[in-house]
Protein chains: 2
Amino acid sequence: MFGDPRSSTDDGSPAGESGATRLGRRPSTTQAELSHVALTLFAERGFDDTTVDDIAAAAGIGRRTFFRYFASKNDLPWGDFDAQLDRMRAYLDDLPDDLPLMDAVRASVIEFNRIPPEEVPWHRQRMRLLLTVPALMAHSTLRYRAWRDVVAHYAAGRLGVPEDSLEPQALAWTMLGIALAAYEQWLVHEDADLTELLESALRMLGERFAS
Amino acid sequence: MFGDPRSSTDDGSPAGESGATRLGRRPSTTQAELSHVALTLFAERGFDDTTVDDIAAAAGIGRRTFFRYFASKNDLPWGDFDAQLDRMRAYLDDLPDDLPLMDAVRASVIEFNRIPPEEVPWHRQRMRLLLTVPALMAHSTLRYRAWRDVVAHYAAGRLGVPEDSLEPQALAWTMLGIALAAYEQWLVHEDADLTELLESALRMLGERFAS
DNA sequence: TTCCTTTTGGCCCCCAGTGCCATTATTCTC
DNA sequence: GAGAATAATGGCACTGGGGGCCAAAAGGAA
């Protein structure tokens with residue numbers, strides 16, 4: 001998962017920022033730039049055989065500086081995920097209250113994972129890493145948790161129960177599972193459409209699991 | 001998750017093993033012994049503040065030797081998980097073919113997570129670590145994957161579809177989510193019964209998610 | 001005893017991640 | 001234009017997980 005990272009405020013110029021000239025020395029690169037450089041290296045040598053030194057060197061910055069842009073090597077494929085989560089939260093909040101809970105959640109999952117055609121190859125590349133490299137699979141869990149929290153928070157509000165109670169939590173877990181299962185299919189089938197896969201997976205949930 | 005680790009062949013004596021006297025120097029400890037020592041230290045100082053050196057020292061072995069018993073510090077709370085998975089596989093295989101798929105899977109999840117009363121405190125301790133310490137949460141994903149594979153393999157067989165196709169994968173993900181949501185409840189509520197929580201969570205799945 | 005097998009653990013290495021701090025780039029103020 | 005003030009950089013040194021290599025220890029069998 002999820003979304004696509006192009007929303008990051010990055011106009012290419014190192015200066016960045018809109019208007020208000022900030023104080024002090026300007027950052028010498030950006031998250032997006034580093035992420036791009038790293039993804040390229042990962043594609044060439046593989047994730048495990050690419051050290052942080054390699055990435056920093058390729059990006060022309062010091063190793064120490066790298067860790068000011070990303071808290072860990074594992075975060076590289078994720079870009080600015082928090083911004084994506086904000087988007088999803090906003091989308092959910094804007095949905096009408098009379099839309100059934102399941103419909104709302106389903107719609108938000110679809111929307112959150114809509115990616116513009118030109119981003120598809122990059123997104124595939126990132127998702128392939130996240131879903132196959134063990135170190136990344138493991139680390140992703142922490143990101144998934146933040147995503148689940150968004151879903152659970154919304155569901156809890158709609159159901160009028162605590163966020164950490166069983167129903168919203170189970171719902172959030174289930175949605176995550178459905179989405180990831182769809183992603184795995186998407187990776188296997190080069191020509192598949194992610195939105196269609198998600199829709200079909202979500203449809204299946206109602207059909208198959210009805211006790 | 002899951003199950004309980006007492007099935008490990010461990011009679012307490014360092015020699016271990018039943019019958020056939022093996023050749024060469026005898027192992028100076030056991031997985032279970034190390035796991036126990038480590039869990040105790042984690043409870044005292046916390047997971048992150050306990051180094052592998054600490055654990056090895058407390059167990060009276062060299063650091064290098066530690067890594068012959070456990071591939072990583074993160075594996076300590078898991079014990080012999082592969083044995084648990086074998087148990088679950090066997091349980092599923094023994095179920096009658098005419099039992100509806102969902103019933104079979106539900107039953108196996110319940111059964112897999114049945115724990116004898118005397119093990120409850122230890123299991124709580126282990127699960128609390130696994131579900132709250134970030135490093136362990138992350139690493140657990142790899143174990144969960146093996147568990148999901150068991151479920152997906154069985155479901156695929158019953159459905160007559162490839163194991164990596166969407167339906168068994170989504171089902172497996174969903175079951176994992178349900179189980180973990182139940183576990184989280186179990187940790188929060190000291191007096192709760194895990195089996196009851198699982199049953200109620202699985203029941204909810206059918207009710208709430210029926211499209 | 002001697003030989004064979006298996007485990008042990010020391011030594012040294014690699015790599016991720018962090019605290020500390022002097023250096024450099026940039027803007028603001030006088 | 002000459003400093004402050006501010007913010008990013010990156011070198012250095014350190015911790016901690018993990019692994020390769022290999023000699024030594026501990027057992028059984030001949």
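The values are calculated or read from the model by the stated rules, or taken from the named source; none is laboratory data. Keep in mind that what you see is a predicted model, and the values were worked out from it rather than measured. Glycine also receives a Cβ, built like all others from the backbone with ideal geometry; neighbour counts cover every protein chain displayed. SASA here: full protein model, heavy atoms, side chains in, ligands and nucleic acids out. Shrake-Rupley method; radii C 1.70, N 1.55, O 1.52, S 1.80 Å.
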- [ ] Quick one: which residue in A:PRO162, A:PRO168 is over 16 Å from B:PRO168 (Cα atoms) and in contact with a His (Cβ under 9 Å, 6 or more places away or on another chain)?
- [x] A:PRO168
Open item on the list: Can you list residue pairs whose Cβ atoms sit under 7 Å apart, with the first residue in the range B:44-70 being away from every other protein chain (no Cβ under 14 Å) and over 19 Å from B:ALA32 (Cβ atoms) and the second being open to solvent by 40 Å² or more (accessible area, probe 1.4 Å) and within 8 Å of DNA strand C (Cβ to nearest atom)? Count only pairs 6 or more apart in sequence or on different chains.
Closed with: B:ASP53/B:ARG63
- [ ] Please determine, by comparing only the residues of the range B:159-169 that are out of contact with any Asp or Glu (no Cβ under 8 Å at 6 or more places or on another chain) and closer than 14 Å to B:LEU101 by Cα, which one is surrounded by the fewest Cβ atoms within 10 Å (Cβ to Cβ).
- [x] B:GLY160
Task: Check on A:LEU95, assigned by TED's automatic domain parsing to the domain that holds A:ARG158, away from DNA strand C (no atom under 14 Å from the Cβ) and in contact with a helix residue (DSSP H, G or I) (Cβ under 8 Å, 6 or more places away or on another chain) - done: yes
TODO: Restricting attention to the range A:39-68, report how many residues are surrounded by fewer than 19 Cβ atoms within 10 Å (Cβ to Cβ) and within 10 Å of DNA strand D (Cβ to nearest atom).
DONE: 9
Open item on the list: Could you check the range A:129-170 and list, in sequence order, the residues that are over 16 Å from B:GLY177 (Cα atoms) and of a type in the set (Lys, Arg)?
Closed with: A:ARG158
Open item on the list: Just the residues that are at the interface with another protein chain (Cβ under 10 Å from one of its Cβ atoms), in a helix (DSSP H, G or I) and over 18 Å from A:ALA152 (Cα atoms), please, taken from the range B:156-196.
Closed with: B:LEU159, B:LEU166, B:GLU167, B:PRO168, B:GLN169, B:ALA170, B:LEU171, B:ALA172
TODO: Could you tell me which numbered condition A:ARG114 fails, if it satisfies all but one of (1) closer than 26 Å to B:GLN169 by Cβ; (2) part of a helix (DSSP H, G or I)?
DONE: (2)
Open item on the list: Residue under question is A:VAL151, and the condition is that it be of a type in the set (A, V, I, L, M, F, W, C), surrounded by 15 or more Cβ atoms within 10 Å (Cβ to Cβ) and either in contact (Cβ under 8 Å) with a residue 12 or more places away in the chain or farther than 29 Å from B:GLU207 by Cα (or both); does it hold?
Closed with: yes
Open item on the list: Take A:ALA135 and tell me if it is surrounded by fewer than 17 Cβ atoms within 10 Å (Cβ to Cβ), under 22 Å from B:ARG148 (Cα atoms) and away from every other protein chain (no Cβ under 11 Å).
Closed with: no
- [ ] Scan (1) closer than 23 Å to A:VAL188 by Cα; (2) modelled with pLDDT of 95 or more for the single condition A:PRO116 breaks and write down its number.
- [x] (2)
Task: Matching residues, the range A:142-198, being more than 19 Å from the chain's Cα centre (by Cα) and hydroxyl-bearing (Ser, Thr, Tyr) - done: A:SER165
Open item on the list: Whether any residue in the range B:2-9 is at pLDDT below 95, within 16 Å of DNA strand C (Cβ to nearest atom) and not charged (D, E, K, R) is what I want to check.
Closed with: yes
TODO: Return a yes/no flag: does the range A:104-124 have any residue that is within 13 Å of A:ASN74 (Cα to Cα) and in the same structural domain as A:ALA179 (by TED's automatic domain parsing).
DONE: no
- [ ] Test B:LEU95 against the criterion of being of a type in the set (A, V, I, L, M, F, W, C), within 30 Å of B:ALA179 (Cα to Cα), surrounded by 13 or more Cβ atoms within 10 Å (Cβ to Cβ) and in contact (Cβ under 8 Å) with a residue 60 or more places away in the chain, and give yes or no.
- [x] no
Task: Residue in the range B:83-92 that is farthest from DNA strand C (Cβ to nearest atom), counting only those that are surrounded by fewer than 19 Cβ atoms within 10 Å (Cβ to Cβ) and touching a residue at least 60 places away in the same chain (Cβ under 8 Å) - done: B:ARG89
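Do you know which residues across the range A:139-148 are within 8 Å of another protein chain (Cβ to nearest Cβ) and either in contact (Cβ under 8 Å) with a residue 24 or more places away in the chain or open to solvent by less than 10 Å² (accessible area, probe 1.4 Å) (or both)?
A:HIS139, A:SER140
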Open item on the list: So, in the range B:121-137, exactly how many residues are among the aliphatic types (A, V, I, L, M) and without any contact (Cβ under 8 Å) to a residue 12 or more places away in the chain?
Closed with: 1
